[in-house]
Amino acid sequence: MAVASIDLCIVGAGAAGLAAGIFAAEQNPHLRIELLDGAKTIGAKILVSGGGRCNVTHDVVTPDDFFGTRHLVRNVLAAFPVEETVRWFASLGVDLKCEETGKLFPVTDKARTVLEALLARSRALGIVLRSGHRVTDIVRLDGTEVAGKPEPARFVIRHREGETVARRVILATGGRSLPRTGSDGSGYGLARRLGHQVTPTVPGLVALVLDDRCFHKGLSGLSQEVEIQTLVQGRPVDRRIGSLLWTHFGISGPVVMDASRFWCLAREQGEAVELYGNFLPGRTTEQAREWFLAQAAQYPRRSLLKLLMEVLPERCAEALCRHAEGAPQQACAQVSRNIRDRLLSALTRFRFPVLRDRGWNFAEVTAGGIPLEEVNFRTMESKVVPGLYLVGEVLDCDGRIGGFNFQWAWATGRLAGRAAAVNPSPHYS
């Protein structure tokens, strides 16, 4: 049997893969490490993230910001807190700034600053970066005895340029989001062939397309605070408040993108799913009714439009008024009960006519993946395949918008890199 050509092969040179390589090399400078990436250009996903600015992390990160097995997520995050992440980036020459939203960006406001720092550190540590090396298969060879001494298991990594043999492998292939950057979901097939399960994968942090009969096109570009509730099979599964952005195709913005995973998962599983919006966040329909009647009594001659503009942007106020078949210029005291009831329903429980999500080319993250229960949360080593480590988006864990998915990438990369550098794979017969 051929001697392993390298010590550690990292499949995928995105955020998690680059972090894993750096931490492994720092832990053990003598390791021979290669990163294989299928894309021609390494780090394309980093470059397009955060509108080209790269939202590196968030000032406060908790398990509640993620969807996944909560106690396992908690342990992984605790191993690399935000404060340490900020110091790590500073050591790479990337200073971060915190914006009002809590998002942390490089002070340069350029994603390239982040990518170049990661690549420069990798090269300085002697890590070999190979682009255009799309991996097609990974085979684990059991250990043997040579001259009476046990030899550890090896992996044969097959790719476009041939084969690489390694003692350990870190799978950092990403999910299915933004496939044009190289994350086309191929890692799931590699993991399955090695014996791992993969839960259904759907777009996460993705905008939603509405029926053209809705009024969204007239509101394109308008942003407002909205409470979104998702119902699956008639049961509430998610409720959140945040900024909604109306677009020419439908709805986007942080609150919609965070809610999208629930809509997409339900649709994937063939379940009935509905999305409702409350344009008066925190108020019930009855509270909205009391407000409306009080305003109508105090200002009976005020137009319906002017009344709604007290709580809504003008364009949205007019659109909802017409949606309820009301006359925008009619005095609010003269509005019929039927129209008032329709308007209050539209204000507090507007059913968005969602047709579909915008698809993988626009999704920022993947919901679903390899179950966290199949890895050791202390090392990210597979419980199914000794010597294999799993990091980043390939795992069944996705965070809300705001830098949380990058924090997951850095944390899992650090755990796996350090563990793979010091823990030789167990010997199995």
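The values are calculated or read from the model by the stated rules, or taken from the named source; none is laboratory data. Computed from a predicted structure; not experimentally measured. Here Cβ is always computed from backbone atoms with ideal geometry, including for glycine, and neighbour counts include all displayed protein chains. The protein model used for the area step is the full one, side chains on, heavy atoms only, and it has no ligands, DNA or RNA in it. Shrake-Rupley method; radii C 1.70, N 1.55, O 1.52, S 1.80 Å.
Considering (1) surrounded by 16 or more Cβ atoms within 10 Å (Cβ to Cβ); (2) within 25 Å of Gln233 (Cβ to Cβ), say which one Gln295 fails and leave the rest.
Among (1) surrounded by 16 or more Cβ atoms within 10 Å (Cβ to Cβ); (2) within 25 Å of Gln233 (Cβ to Cβ), Gln295 violates only (2).
Quick one: which of Val107, Val139 is touching a strand residue (DSSP E or B) at 6+ places or on another chain (Cβ under 7 Å) and surrounded by fewer than 12 Cβ atoms within 10 Å (Cβ to Cβ)?
When all the criteria are applied, what remains is Val107.
Does region 193-222 hold any residues that are within 23 Å of Ala266 (Cα to Cα) and outside any loop (DSSP other than H, G, I, E, B), and which are they?
Val202, Pro203, Gly204, Leu208, Val209, Leu210
Any residue in region 377-401 that's closer than 18 Å to Phe262 by Cβ: show its pairings with residues that are of a type in the set (Ser, Thr, Tyr) and open to solvent by 30 Å² or more (accessible area, probe 1.4 Å) at Cβ separation under 8 Å, as long as the two are six or more apart or on different chains.
Asp396/Thr69; Asp396/Thr199; Cys397/Thr69
In a loop (DSSP other than H, G, I, E, B) and farther than 26 Å from Gly402 by Cβ: which single residue out of Glu290, Glu271 fits that description?
Glu271
For residues that are closer than 30 Å to Thr136 by Cα and in contact with a strand residue (DSSP E or B) (Cβ under 7 Å, 6 or more places away or on another chain), scanning just region 198-235, find the one that is surrounded by the fewest Cβ atoms within 10 Å (Cβ to Cβ).
Looking at the filtered set, the residue picked out is Val198.
Conditions first: (1) open to solvent by 40 Å² or more (accessible area, probe 1.4 Å); (2) touching a helix residue (DSSP H, G or I) at 6+ places or on another chain (Cβ under 6 Å); (3) at pLDDT 95 or above. Lys45 passes all but one, so which condition is the exception?
Failed condition: (3).
Please verify whether Arg239 is outside any helix (DSSP H, G or I), open to solvent by 30 Å² or more (accessible area, probe 1.4 Å), more than 17 Å from Leu210 (Cβ to Cβ) and in contact (Cβ under 8 Å) with a residue 40 or more places away in the chain, treating the condition exactly as stated.
So Arg239 does not fit the description; no.
Let me spell it out: the conditions are (1) open to solvent by less than 20 Å² (accessible area, probe 1.4 Å); (2) under 22 Å from the mean Cα position of the chain (by Cα); (3) among the basic types (Lys, Arg), and Arg154 meets all of them except one. Which number is the exception?
All conditions pass for Arg154, except number (2).
Residues in region 78-95 that are open to solvent by less than 20 Å² (accessible area, probe 1.4 Å), touching a strand residue (DSSP E or B) at 6+ places or on another chain (Cβ under 9 Å) and of a type outside the set (Val, Ile, Thr): how many?
Number of matching residues: 1.
Hey, among Ala333, Ala346, Ala416, Ala421, which residue is modelled with pLDDT of 95 or more, within 29 Å of Pro281 (Cα to Cα) and among the hydrophobic types (A, V, I, L, M, F, W, C)?
Checking each option against the conditions leaves just Ala346.
Considering only residues of region 242-278 that are surrounded by fewer than 16 Cβ atoms within 10 Å (Cβ to Cβ) and among the polar types (S, T, N, Q), which is nearest to Gly369 (Cα to Cα)?
Gln269
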